[in-house]
1. Sequence-distant or interchain residues sharing an amide H contact under 5 Å with Arg7, placed H: which?
2. What is the sum of charges around Asn39, taking Lys and Arg as +1, Asp and Glu as -1, for the other residues whose C-beta is under 15 Å from the C-beta of Asn39?
3. Can you give the relative contact order of the chain as a percent, counting alpha carbon pairs under 8 Å and 6+ residues apart?
4. Using only Cα atoms, tell me the angle between helix 42-54 and the longest principal axis of the chain; keep it within 0 to 90° and round to the nearest 10.
5. Return the sequence-ordered ³J(HN,Hα) values of segment 20-28 in whole Hz as given by the Karplus equation 6.51 cos²θ - 1.76 cosθ + 1.60 applied to θ = phi - 60°, using x for Gly and Pro.
6. Please report the projected area of the chain's Cα convex hull averaged over all directions, in nm².
7. Size of the dipole of segment 6-65 about the Cα centre, Lys and Arg at +1 and Asp and Glu at -1 on the beta carbon, nothing else charged, in debye to 20?
8. What distance in nm separates the simple spin-label points at Glu50 and Lys13, each placed 7 Å from Cα in the Cβ direction?
Amino acid sequence: MSLTNGRCDRCGKQTTSHIMSMFNTQDLCLECKDKEKKNPRYEEARRAEEVAVRSGNPNFKGIGL
């Protein structure tokens, strides 16, 4: 999904700024991103994304929620 409709893919809130989830390909509002960072698996997801990108995979789909 993408933020083409101007809404957060997770909560549906109207937003003008977004960032991609570490767990999947959702575009998140900043409030949902802050909540995501509190997930106990956030560091695992962040590390997996970093390894994928460094290995040449810029389109990593994430580890899932």
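1. Under 5 Å from the amide H of Arg7: Thr15.
2. +2
3. With pairs under 8 Å counted, the relative contact order is 28 percent.
4. For helix 42-54, the angle is close to 70 degrees.
5. 7, 5, 7, 8, 7, 9, 6, 8, 10
6. Working: hull surface 16.8 nm².
Convex hull of Cα atoms, orientation-averaged projection: 4.2 nm².
7. It comes to approximately 80 debye.
8. Result for the modelled spin labels: 2.7 nm.
None of the figures in this text is laboratory data; all of them are computed from the coordinates on show. These numbers come from a predicted model, not from an experiment. FYI the Cβ positions are ideal-geometry reconstructions off the backbone, even for glycines, and counts take in every protein chain you see.
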